[in-house]
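The values are calculated or read from the model by the stated rules, or taken from the named source; none is laboratory data. These numbers were taken from a predicted model, which means no experiment stands behind them. Cβ coordinates were reconstructed from backbone atoms using ideal geometry, including for glycine residues, and neighbour counts include every protein chain displayed. Accessible surface areas use protein heavy atoms only, side chains included; no ligands, DNA or RNA. Shrake-Rupley method; radii C 1.70, N 1.55, O 1.52, S 1.80 Å.
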Amino acid sequence: MKERAESMDIAVVGAGYVGLTTGVALAYLGHRVTCIDVDTAKIETLRQGRCPIYETGLQELLELVRHRLEFTDSYSPIRQARIVFIAVGTPGLPDGSPDLSQLEKAAWAIGMHLGEDFTVVVNKSTVPIGSGNWVEALIREAYRSRNGRSADGQFAVASKPEFLREGSALRDTLYPDRVVVGAEHPEALKTLYTLYRPILEQTFPAPAFLPRPEGLGAIPFVATDLASAELIKYAANAFLALKISFINEIAALAEKVGADITQVARGIGLDGRIGTRFLQAGIGWGGSCFGKDTAALLATAREYGLTMPIVEAARQVNYRQRERVVERLLEELKILKGKTIGLLGLAFKPHTDDLRDAPSLDIAKRLMARGAWVRAHDPVALDRARRERPELQLQYCERAEDVFDGADAVMLVTEWPQYRNLPWEELAGKMRVPLIFDGRNFLDPERLARAGFRHLRIGVGSPTLTTA
Ligand code: UDX
């Protein structure tokens, strides 16, 4: 299957987290990439060399490979492309199933603009199982309507599920755990193997600001049929989500029996069959994937008359966790009405400004519904919160220190590294009550105790008592 690396013309439809990261990374590997998006404001920003999202290293890499990247709202570059990636959004609908309208539009546009040479259309959007075939049918239909003849032999559809995490999107793209490709057409498989070979064999020079992880060997290439690749994506996310919910469920018991969930997680995680990652107890998962993908998996199962009680339970535990932390705060403060609660962090995780399904917003709403005043800080997500969630009426603080002013409690929601080294002694003195609820078990208990804080943690039975 080996073939010499060559520079290819690639089009990426959808310039969001996945599309943009893919486009920039492939340009870095030496390909000529055109990113296509219907959002003209976003295209304009990118043309000016600015990255519209906050993602570690993306701006730097974008500048480095600018000469191999084009940004446009026109689909015509698809004509020259040997590979077309689809990376459009598939947001969840109220019934849990994903909204496929953007995917449908993208597939139709690809069919309308397909060139004469064989093109591999690669789906990276997270789509219900069977969508590969649907995308193929749409492209075929569009091609026929435009050219009056069949698209036989002109293209093949493949699936390349995306496992990148926001905040470490480039690192996950350049140094992945595995590359999964679902392709039933041998030419499509061969083309994608060639494309990913520098990543599989790690033969590209690592960017200075994204060094190759030490000891990284060859990356496994998993070639499957289309349906299996599509299911791998959902199953991976559901499994990670349930791992987190599992540890949060155990954490609730740990609090009651006086155990420490961090020790429990380490104790079980070191069993190689379980693994230590994604066993970090806290306020639960958020973000654009776990909630949406577990709901979509349940919706697919329903279509086939199946229930998935384990996945359902993972969701219930997760969303219940947001209420539990508020209840625990209520237990501590007795009354929330009129109290001031500070939130450290709004983004659903550090190193991103993404607020989709962020636990912070849910927690803020619940606190406000009980009459509390909520103020919040985030190093990068404040503007986005103001813009995207104007109904929230949160008081936004530009400096982390300001959330402590006269507060009755401060809750750490997002584990931004800079929060670890706040001037705790000074901050304790600014609060009405020096109470910190560490929703990510992230802060140093001894340091906080020395500063005079009562420090509540998730899944830790006895709070660190103030020494003051
Ligand atoms: C996830 C998957 O990890 C990734 O493979 C897929 O492509 C997209 O969905 P992402 O949502 O970007 O990535 O972030 P991730 O790092 O997985 O975190 C998701 C949520 O789980 C965050 O809210 C995070 O705070 C939370 N989390 C993660 C925990 O609560 N505990 C953990 O141990 C790990």
> Counting only residues that are of a type in the set (Lys, Arg) and assigned to a loop (DSSP other than H, G, I, E, B), which one in region 264-312 is nearest to residue 325 (Cα to Cα)?
Replying inline: 277
> Restricting the search to region 143-188, which residues are away from the ligand (no atom under 16 Å from the Cβ), open to solvent by 20 Å² or more (accessible area, probe 1.4 Å), part of a helix (DSSP H, G or I) and free of Cβ contacts under 8 Å to residues at least 60 places away in the same chain?
Replying inline: 144, 145, 146, 147, 186
> Out of 376, 364, 358, 372, which single residue is buried (at least 20 other Cβ atoms within 10 Å of the Cβ) and more than 20 Å from residue 442 (Cβ to Cβ)?
Replying inline: 372
> Can you find a residue in region 443-453 that is open to solvent by less than 10 Å² (accessible area, probe 1.4 Å), more than 19 Å from residue 323 (Cβ to Cβ) and touching a residue at least 60 places away in the same chain (Cβ under 8 Å)?
Replying inline: no
>> Just checking: which of the strands (runs of 3 or more DSSP E) contained wholly in region 1-115 hold 1 or more residues that are surrounded by fewer than 21 Cβ atoms within 10 Å (Cβ to Cβ) and in contact (Cβ under 8 Å) with a residue 60 or more places away in the chain?
In response: 9-13
>> For region 197-228, which positions are assigned to a helix (DSSP H, G or I) and touching a residue at least 24 places away in the same chain (Cβ under 8 Å)?
In response: 197, 198, 199, 226, 227, 228
> Just for region 289-302: of the residues that are open to solvent by 20 Å² or more (accessible area, probe 1.4 Å) and out of contact with any helix residue (DSSP H, G or I) (no Cβ under 8 Å at 6 or more places or on another chain), which one is farthest from residue 164 (Cα to Cα)?
Replying inline: 302
> Could you count how many residues in region 277-288 are aromatic (Phe, Trp, Tyr) and open to solvent by 20 Å² or more (accessible area, probe 1.4 Å)?
Replying inline: 1
> Before we move on, is residue 385 in a strand (DSSP E or B), of a type in the set (Gly, Ala, Ser) and open to solvent by less than 40 Å² (accessible area, probe 1.4 Å)?
Replying inline: no
> Restricting attention to region 271-307, which residues are under 25 Å from residue 16 (Cβ atoms), away from the ligand (no atom under 16 Å from the Cβ) and β-branched (Val, Ile, Thr)?
Replying inline: 300
>> Tell me the residue from 211, 198 that is open to solvent by 40 Å² or more (accessible area, probe 1.4 Å) and either modelled with pLDDT under 95 or more than 16 Å from the ligand (Cβ to nearest atom) (or both), please.
In response: 211
> Across region 326-354, which residue is nearest to residue 415 (Cα to Cα) among those that are assigned to a loop (DSSP other than H, G, I, E, B) and open to solvent by less than 10 Å² (accessible area, probe 1.4 Å)?
Replying inline: 345
> Are any residues in region 231-253 more than 8 Å from the ligand (Cβ to nearest atom), over 19 Å from residue 326 (Cβ atoms) and either of a type outside the set (Phe, Trp, Tyr) or in contact (Cβ under 8 Å) with a residue 12 or more places away in the chain (or both), and if so, which ones?
Replying inline: 231, 232, 234, 235, 238, 242, 246, 250, 253
> Are any residues in region 254-270 charged (D, E, K, R) and either away from the ligand (no atom under 13 Å from the Cβ) or open to solvent by less than 40 Å² (accessible area, probe 1.4 Å) (or both), and if so, which ones?
Replying inline: 255, 256, 260
